[in-house]
Amino acid sequence: MAAPHAVVGVEGGRSETAHILSDSTTGDEKRPQFGTRFLTDPRQVFQHNAWDNVEWTDEQEASAKKKVLENNQPLPQEKQEEYDNRANQFWNDFYTIHENRFFKDRHWLFTEFPELAPKSSLNCESHLDVSDTDYSQQGCLDQEQRNEVAAFSHTDGDIPGSSAKYRIMEVGCGVGNTVFPILKTNNDPGLFVYCCDFSSTAVELVKTNPEYDTGRCFAFVHDLSDVEANYPVPDGTLDVIVLIFVLSALHPDKMQASISRVVRLLKPGGVILLRDYGRYDMAQLRFKKGRCLSENFYVRGDGTRVYFFTQDELHEMFTEAGLEKVQNLVDRRLQVNRGKQLTMYRVWIQCKYRKAVAEPLETKG
């Protein structure tokens, strides 16, 4: 595998692009999204900037594993504690430097996550994908179940969005690259969007954005890993929770508790949507020695940290938190620098997990 470097717009793995998804657990090709460009002739690799749904050879995977093992010597404990204690400072510094110039609009957002689009609400027929077999069998709620879900809707005037019919919260919102497309695209009057970030600098950038509408959105500072901290919404009130490249920034020891805490905010039938870094992503292979904190967990040059997941790890954490799998896919994409004749392999994981709806009580005949 060509060792990627000098990638424009990528720093320590912060990169997104259009793509196609595949389910690596079955090998079955999934629905084509933005990309339908497949590399059938390796000699044509430099004809385009990117190729979709790229399968790795055994040699490539072995090379990736070897590269990771070579850089698997953790930093001293005191150094690791320093990065942990100063995490807030490092993320504030990052957003102070980059503000909203670093990230691009997520054009794939509504295709991959139609739950965020208009008219999604609790009527699953509007966003069912026939390829998501688990969802098609379990996701639709009968009328009695819908009534049960509706009973969890709060109209407490003391909370932002108290009269909302459909509530979305993004944890780790950054400067709003998910929040603002939702507000712009989804004009459902019953929608309310909550968004939070560990960085107070990022949250301030969201609030000062001209598109920030306090009547439809509420931004606040929150540390996902602080499971004792309160959220501005009661448990059982959210329809959707979005985690996009945020869980990977937590210390691995704090991930399970953090997920279990945020799951409590979901209504029965509510879903968590996740997109994050996959094992052996280009960014992981680019780390030099002296950047490893623990297995598959690294610190970037700016002090921010990142973990690289497997599908199984995410599945175990979500199911441990009491959720049911709707989707767990791996996205492999080959990006090409035609000028430098470099090939760069990206690996992301996309998940949807659903909070079960209690079985309706049996009625006597």
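The values are calculated or read from the model by the stated rules, or taken from the named source; none is laboratory data. Just so you know, these numbers come straight off a predicted model, no measurement behind them. Cβ placement follows ideal geometry from the backbone for every residue including glycine, while neighbour counts extend to all protein chains displayed. Keep in mind that these areas ignore ligands, DNA and RNA; they rest on the heavy atoms of the full protein, side chains included. Shrake-Rupley method; radii C 1.70, N 1.55, O 1.52, S 1.80 Å.
Numbers at a glance
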| item | result |
| --- | --- |
| Test result for V206, within 27 Å of P268 (Cβ to Cβ), in contact with a helix residue (DSSP H, G or I) (Cβ under 7 Å, 6 or more places away or on another chain) and modelled with pLDDT of 90 or more | no |
| Residues of the stretch 220-244 satisfying the condition of being in a loop (DSSP other than H, G, I, E, B) and touching a Gly at 6+ places or on another chain (Cβ under 7 Å) | L224 |
| Residue satisfying all of: in the stretch 177-187; touching a strand residue (DSSP E or B) at 6+ places or on another chain (Cβ under 9 Å) and at pLDDT below 90; least open to solvent (accessible area, probe 1.4 Å) among these | N186 |
| Selection from the stretch 255-275 of residues that are basic (K, R) and in a strand (DSSP E or B) | K267, R275 |
| The lone exception for S225 - which of (1) open to solvent by 40 Å² or more (accessible area, probe 1.4 Å); (2) without any contact (Cβ under 8 Å) to a residue 40 or more places away in the chain it fails | (1) |
| Residue within the stretch 246-254 that is within 24 Å of Y166 (Cβ to Cβ), out of contact with any Lys or Arg (no Cβ under 7 Å at 6 or more places or on another chain) and either assigned to a loop (DSSP other than H, G, I, E, B) or not small (G, A, S) (or both) present | yes |
| Selection from the stretch 191-205 of residues that are part of a loop (DSSP other than H, G, I, E, B) and open to solvent by less than 40 Å² (accessible area, probe 1.4 Å) | S199 |
| Tally of residues being assigned to a helix (DSSP H, G or I), of a type in the set (A, V, I, L, M), at pLDDT 75 or above and under 30 Å from C173 (Cβ atoms) across the stretch 69-104 | 1 |
| Meets criteria (crowded, with 19+ Cβ neighbours inside 10 Å, aromatic (F, W, Y), in contact with a helix residue (DSSP H, G or I) (Cβ under 8 Å, 6 or more places away or on another chain) and at pLDDT below 90) for Y345 | yes |
| All positions within the stretch 198-242 that are charged (D, E, K, R), touching a strand residue (DSSP E or B) at 6+ places or on another chain (Cβ under 7 Å) and under 22 Å from S260 (Cα atoms) | D239 |
| Output for the stretch 206-219, where each listed residue is part of a loop (DSSP other than H, G, I, E, B) and open to solvent by 60 Å² or more (accessible area, probe 1.4 Å) | T208, P210, E211, D213, T214 |
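Results for (1) over 14 Å from the mean Cα position of the chain (by Cα); (2) among the acidic types (D, E); (3) open to solvent by 10 Å² or more (accessible area, probe 1.4 Å), shown as yes or no for each residue.
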site: I241; (1), (2), (3): no, no, no
site: L250; (1), (2), (3): no, no, yes
site: K254; (1), (2), (3): yes, no, yes
site: R261; (1), (2), (3): yes, no, yes
site: R264; (1), (2), (3): yes, no, yes
site: R279; (1), (2), (3): yes, no, yes
site: M282; (1), (2), (3): yes, no, no
site: L293; (1), (2), (3): yes, no, no
site: F297; (1), (2), (3): yes, no, no
